Amino acid sequence: MLVDIAAFQDSGKVKIKDISARQDISIKYLEQIVTMLSKADIVKGERGPQGGYVLSRPASEITVAEVVMNIEGTMAPVPCIRDGNVDCQRKDRCTTLDMWLRIEKAVMEIMNETTIQDLLNDANSKGIIRIQDSMPEYVI
């Protein structure tokens, strides 16, 4: 959703129905996500016929970690780990705890280093989303 907004917001506010059509994601689900992203000040929205959404700051300043943490709350691979902290009665004898902590740390590092702009650039280079430099010109 955010990559789509980043790609198309230069042409004006991006409508949920357009994102839904381009990304094949239900409008209802996008509405739930956009509510969380608005509260987190990641997107700004405007209602009405000319309404839609734009990013609240440049795509290069929004990390995947920020987005995921605001939507999911955590990226912990197991329930006993949250943000590097362990809440488990078995932690002193758990044979897999260190592995799970390393996995969480690696995932968070990657997500902290990756921005929405990075994802947009990757999508553009693969032809998944084409960034339009300007509005098409129509001659009658």
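The values are calculated or read from the model by the stated rules, or taken from the named source; none is laboratory data. Being a predicted model, the structure only gives us computed values, none of them experimental. Because the Cβ atoms are built from the backbone with ideal geometry, glycine has one as well, and the counts that use them run over all protein chains shown. The protein model used for the area step is the full one, side chains on, heavy atoms only, and it has no ligands, DNA or RNA in it. Shrake-Rupley method; radii C 1.70, N 1.55, O 1.52, S 1.80 Å.
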> Can you name the condition, by its number, that Thr74 falls short on among (1) modelled with pLDDT of 95 or more; (2) of a type outside the set (Lys, Arg); (3) touching a strand residue (DSSP E or B) at 6+ places or on another chain (Cβ under 7 Å)?
Replying inline: (1)
> Inside region 11-32, can you point out the residues that are among the charged types (D, E, K, R) and exposed (fewer than 13 other Cβ atoms within 10 Å of the Cβ)?
Replying inline: Lys17, Asp24, Lys28, Glu31
> If we scan region 93-116, do we find a residue that is touching a Phe, Trp or Tyr at 6+ places or on another chain (Cβ under 7 Å), surrounded by 15 or more Cβ atoms within 10 Å (Cβ to Cβ) and more than 24 Å from Lys39 (Cα to Cα)?
Replying inline: no
> Just to be sure, is Ile5 surrounded by 15 or more Cβ atoms within 10 Å (Cβ to Cβ), at pLDDT 95 or above and closer than 22 Å to Asp122 by Cα?
Replying inline: yes
> Just to be sure, is Lys91 among the basic types (Lys, Arg) and in contact with a helix residue (DSSP H, G or I) (Cβ under 9 Å, 6 or more places away or on another chain)?
Replying inline: yes
>> Taking the condition of being in contact with a helix residue (DSSP H, G or I) (Cβ under 9 Å, 6 or more places away or on another chain) and open to solvent by 40 Å² or more (accessible area, probe 1.4 Å), how many residues in region 61-81 meet it?
In response: 7
> Do we find that Ser38 is at negative phi, touching a residue at least 40 places away in the same chain (Cβ under 8 Å) and of a type in the set (S, T, N, Q) in this structure?
Replying inline: no
> Of everything in region 33-53 that's open to solvent by 90 Å² or more (accessible area, probe 1.4 Å) and modelled with pLDDT of 95 or more, which residue is nearest to Val14 (Cα to Cα)?
Replying inline: Lys44
